[in-house]
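For reference, the structure discussed in these notes is given below.
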Amino acid sequence: MKGFNRVLFAICIISAACSRNQEVRDYSFNAVITDNVLRNYMERAVTMADFLSPEPYTADGPYPYREDDIRMIKNIAPKFIGRAIYRWGTESAFNDPDYLASAEKIIRELHDYDSDIIFQGCVFEYVSKEVETIRIPEWTFEALDMPVENRTFRYDDMSDPSNPYFGLWGTAGLVPDITKTETRLWFMFLIGSYINIGCEAIHLGQTNLTGVADADNSVWDSFLSCVRKYAFENARRKWILLDSHCGPDDMMVGEKSLLDFKSYPLRIKNLIGERPRTCVLEKGYLDAVYGRTRECRTPSGHYVKALPYLVEFDNYGISRHPGIAEEDYYVWGYDEISWLYLQGSPDAINRWLWYADNWIKTNTTDIYLQLPVSRVLVTGDPHKPTRFRANTKSEACPAGMDVEDAVKYIMLDRK
């Protein structure tokens, strides 16, 4: 660890010296966002899942050490904080005013420190019956040009048995169908609620699931027009960044992209037969997006040769073959973020982060690594942590994994 810290210190000195000769990056936008400003944000993107969700409403278990996270944000200086607030079930959290008020308080505190930071909320492909406890605000109907009704959400109206993904979650919940009016009301409520507390980005989850019945994306197109109108009237800078986990040809209407950028897993390739847990990135592996970005017209109205992507260490659980490498979406049997944690030491994790970032910069021009700071882990071992924490290990964050400096200097090294 001491050797790696010396390397980081050298990088810090070099980066600081070089920064004097670099232009100050532009993070300004209003009503539209330029391609250059968007890419500046992509270069300073991190994942901090659940960071804004107060106890007891975190989606992925307890979230201690929030004060140290605020310290870390001020140290590493991210400009885009992904997955900061979302629901995966337990939607009744919205009935407690403290749920959104606590999140808004943190956003305001950090905006007082750096007003350029974008916080991202999420709208996922899962809804439970708890939505029936939430009364629909008048502004939700109005945002969709619908007559105002005095009622709660109707769970059963968000999908039906004809949808291919109707039973995906069993009896626990539904994949909401965007072609259903009730789903659009629910999504508008979520998006508007996050905009109202200061979020300027929304991740739309797996739109290939929620939009399976919308083959030509016409419903998505109409709905997101309402979202952008609401953002123009209510968002901090009159614009909302929209993305989803989807392929290069998805969420398009002709040559127009409905999204500002797209997101995808890293798609880490197992080196079968090599020493345990050895992996690389490779163009053409499974459905990896490297080299597959496409030209389009963006929601801001300008033409780009390739819509940018964020690739992230995704979480999706553990396979039936943990520790065994197969040619599938699991990395030696684990999801990507859990595999990264299982590298076993800060040095090993940090080396792979540097490798991944350098490989992406060398082999692509339109893809950016979203660096992991906080995300749920599924290792199958009850004695191991349940959350990846990049924080420097300290009394303020004893669960820290000493990845903080690597995250900071990787971002500094990008320009």
(request) Please name whichever of 164, 148, 270 sits farthest to the positive end of the charge dipole of the chain, dipole taken about the Cα centre and charges placed at Cβ: Lys and Arg +1, Asp and Glu -1. (result) 270
(message) Can you tell me what share of the DSSP beta bridges in the chain is antiparallel? A percent to the nearest 5 is fine.
(response) 40 percent
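Please report the projected area of the chain's Cα convex hull averaged over all directions, in nm².
Numbers: hull surface 80.3 nm².
In nm², the orientation-averaged hull projection of the chain is 20.1.
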(message) Can you find, among 319, 230, 176, the residue sitting farthest towards the positive end of the charge dipole of the chain, where Lys and Arg contribute +1 and Asp and Glu -1 at Cβ?
(response) 319
(message) Using the crude model of +1 on Lys and Arg Cβ and -1 on Asp and Glu Cβ, and no other charge, please compute the dipole size for region 302-415 relative to its Cα centre, in debye to 20.
(response) 300 debye
(message) Are there any chymotrypsin sites (Phe, Trp or Tyr not before Pro) in region 238-286 that are in a DSSP loop and have at most 16 other Cβ atoms within 10 Å? List them by number.
(response) 285
(message) Compute the angle between helix 97-113 and the longest alpha-carbon principal axis of the chain, please, reported from 0 to 90 degrees and rounded to the nearest 10.
(response) 50 degrees
(message) For a protection proxy built on the mean count of beta-carbon atoms within 10 angstrom, sort 168-175, 407-414 highest first, please.
(response) 407-414, 168-175
(message) Beyond a 19 Å Cα-Cα separation, which of these cross-linked pairs lie in this structure: 74/361; 305/361; 262/305; 129/180; 361/408; 180/256?
(response) 74/361; 180/256
(request) Pop out the ³J(HN,Hα) list for region 217-223 in order, Karplus 6.51 cos²θ - 1.76 cosθ + 1.60 with θ = phi - 60°, rounded to Hz; leave Gly and Pro as x. (result) 6, 5, 5, 4, 4, 5, 5
(request) Give a residue-ordered list of calculated ³J(HN,Hα) values for region 133-146 (Karplus: 6.51 cos²θ - 1.76 cosθ + 1.60, θ = phi - 60°; whole Hz; x for Gly, Pro). (result) 8, 9, 7, 7, x, 4, 4, 5, 4, 5, 5, 9, 6, 10
(request) Any chance you could give the angle, 0 to 90 degrees and rounded to 10, that helix 66-76 forms with the longest Cα principal axis of the chain? (result) 60 degrees
(request) Taking the Cα centre of the chain as origin, work out the dipole magnitude from +1 charges on Lys and Arg Cβ and -1 charges on Asp and Glu Cβ, in debye rounded to 20. (result) 1360 debye
(message) Quick check: pseudo-label points 7 Å beyond the Cα along Cα→Cβ at residue 303 and residue 287, how many nm apart are they?
(response) 3.0 nm
(request) Could you pull out every residue, at least 5 positions away or on a different chain, whose amide H is within less than 5 Å of the one on residue 256? Hs are placed 1.01 Å off N in the peptide plane, and Pro or chain starts have none. (result) 297
(message) Given a 10 angstrom Cα cut-off, can you work out which residue in 319, 394, 338 is the most mobile in a GNM of the chain?
(response) 394
(message) I need the semi-axes of the equivalent ellipsoid of region 299-415: take the C-alpha gyration tensor, multiply each eigenvalue by 5, square-root it, list largest first in whole angstrom.
(response) 27, 20, 13
(message) Using a Gaussian network model on the chain with a 10 Å cutoff between Cα atoms, which of 40, 208, 363 fluctuates the most?
(response) 363
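Considering Cα pairs under 8 angstrom that are at least six residues apart, work out the relative contact order of the chain and quote it in whole percent. Before the final figure, lay out each step's value.
Values: 779 pairs, mean separation 62.5, N = 415.
Relative contact order here is 15 percent.
Which peptide among 387-393, 144-150 comes first, and what is the full order, when sorted by highest mean count of other Cβ atoms within 10 Å? Before the final figure, lay out the partial values.
Details: 387-393: 22.3, 144-150: 11.1.
So the order, starting with the most tightly packed, is 387-393, 144-150.
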(message) 7 Å from Cα along Cα→Cβ at both residue 348 and residue 365: what's the point-to-point distance in nm?
(response) 3.7 nm
(request) Note down the nm distance, to one decimal, between modelled labels 7 Å out along Cα→Cβ at residue 327 and at residue 212. (result) 2.7 nm
(request) Among 133, 392, 90, flag the residue with its Cα farthest along the positive direction of the charge dipole of the chain, charges on Cβ as +1 for Lys/Arg and -1 for Asp/Glu. (result) 392
(request) Quote to one decimal, in nm, the extra length available between residue 358 and residue 90 on full extension: 0.36 nm per residue of separation minus the C-alpha distance between them. (result) 92.5 nm
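Across region 184-283, how large is the tail of the calculated P(r) beyond 22 Å, expressed as a percent of all Cα pairs? Walk me through the intermediate numbers first.
Numbers: 1992 of 4950 pairs.
That fraction is 40 percent.
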(request) In whole Hz, with x marking every Gly and Pro, tabulate ³J(HN,Hα) for region 231-242 from phi via Karplus 6.51 cos²θ - 1.76 cosθ + 1.60, θ = phi - 60°. (result) 5, 4, 8, 10, 6, 4, 10, 6, 8, 10, 7, 10
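Taken together, the values in this text are just the output of simple stated rules run on the coordinates, not laboratory data. Everything numeric here is computed off the predicted structure, so don't read it as measured data. Methodologically, a virtual Cβ is constructed for each residue, glycine included, from the backbone with ideal geometry; neighbour enumeration extends over all protein chains shown.
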